[in-house]
Amino acid sequence: MALLPILRYPDPRLHTKALPVTVIDDTVRQLVADMAETMYEAPGIGLAATQVNVHRRVVVIDVSEDRGELLVFINPEIVERDGEQVCEEGCLSVPGIYEKVTRAEHVRVKAMNEKGEPFELEAHGLLAVCVQHEIDHLDGKVFVEYLSALKLNRIKSKLAKQARITA
């Protein structure tokens, strides 16, 4: 396994729409393993392939306390959503930034796992937020883009300052 570099907002590659995975083979399984290792090391609770500059529809998520319940979503698609919740979100591609975002409270997602087996999952609360957040990445959208233009400009300025300090 290997740690993968995570793209930082506003990197334009984060706006690339990911393509469907057509064959689930050892290359895809290695990507899943590397993404999981990268997510846990960061540390985070979700990671989309787009964030590691692989533009395929692959997501890993683990919202468990003990970090022992890895979920793998290949070609995920939200087939049902309802309710509304406001949750403070953060993102490995937007380090140190946390903002409230309105999302569906419940989603039903269909996808395949790393063995190529199709499944459906009902998600509520934090897991529902995470699924929506990561699928947004696959569609080329970053959570801060749900915010007002004023907040987004402040975030961009803060991130630019952070980049200058660490450079």
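Data overview
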{"quantity": "Options ASN53, ASN75: the member that is surrounded by 14 or more Cβ atoms within 10 Å (Cβ to Cβ), at positive phi, of a type outside the set (Gly, Ala, Ser) and touching a Pro at 6+ places or on another chain (Cβ under 6 Å)", "calculated": "ASN75"}
{"quantity": "Strands (runs of 3 or more DSSP E) lying entirely in the stretch 78-145 (those with 2 or more residues that are in contact (Cβ under 8 Å) with a residue 60 or more places away in the chain, hydrophobic (A, V, I, L, M, F, W, C) and open to solvent by 60 Å² or more (accessible area, probe 1.4 Å))", "calculated": "none"}
{"quantity": "Conditions (1) in contact with a strand residue (DSSP E or B) (Cβ under 7 Å, 6 or more places away or on another chain); (2) open to solvent by less than 80 Å² (accessible area, probe 1.4 Å); (3) closer than 14 Å to CYS130 by Cβ; number of the one not met by SER64", "calculated": "(1)"}
{"quantity": "The stretch 83-124: number of residues that are farther than 27 Å from ILE24 by Cα and aliphatic (A, V, I, L, M)", "calculated": "5"}
{"quantity": "Selection count, the stretch 149-167, where residues are open to solvent by less than 60 Å² (accessible area, probe 1.4 Å) and without any contact (Cβ under 8 Å) to a residue 24 or more places away in the chain", "calculated": "2"}
{"quantity": "Pairs, first within 17 Å of PRO95 (Cα to Cα) and among the hydroxyl-bearing types (Ser, Thr, Tyr) in the stretch 1-23, second open to solvent by less than 100 Å² (accessible area, probe 1.4 Å) and modelled with pLDDT under 95, C-beta under 7 Å, six or more apart", "calculated": "TYR9/LEU159"}
{"quantity": "Filter result (in contact with a strand residue (DSSP E or B) (Cβ under 7 Å, 6 or more places away or on another chain) and of a type in the set (Gly, Ala, Ser)) within the stretch 8-58", "calculated": "ALA18, ALA36, GLY46, ALA48, ALA49"}
{"quantity": "Single residue of the stretch 1-44 satisfying the filter (among the aliphatic types (A, V, I, L, M), open to solvent by less than 20 Å² (accessible area, probe 1.4 Å) and part of a loop (DSSP other than H, G, I, E, B)) that is farthest from VAL59 (Cα to Cα)", "calculated": "LEU7"}
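The values are calculated or read from the model by the stated rules, or taken from the named source; none is laboratory data. Fair warning: this is a prediction, and the values are worked out from it, not measured in the lab. Neighbour counts run over all protein chains shown; Cβ positions are idealised from the backbone, glycine included. Ligands, DNA and RNA are stripped out before the accessible areas are found, and what is left, the full protein with its side chains, is counted by its heavy atoms. Shrake-Rupley method; radii C 1.70, N 1.55, O 1.52, S 1.80 Å.
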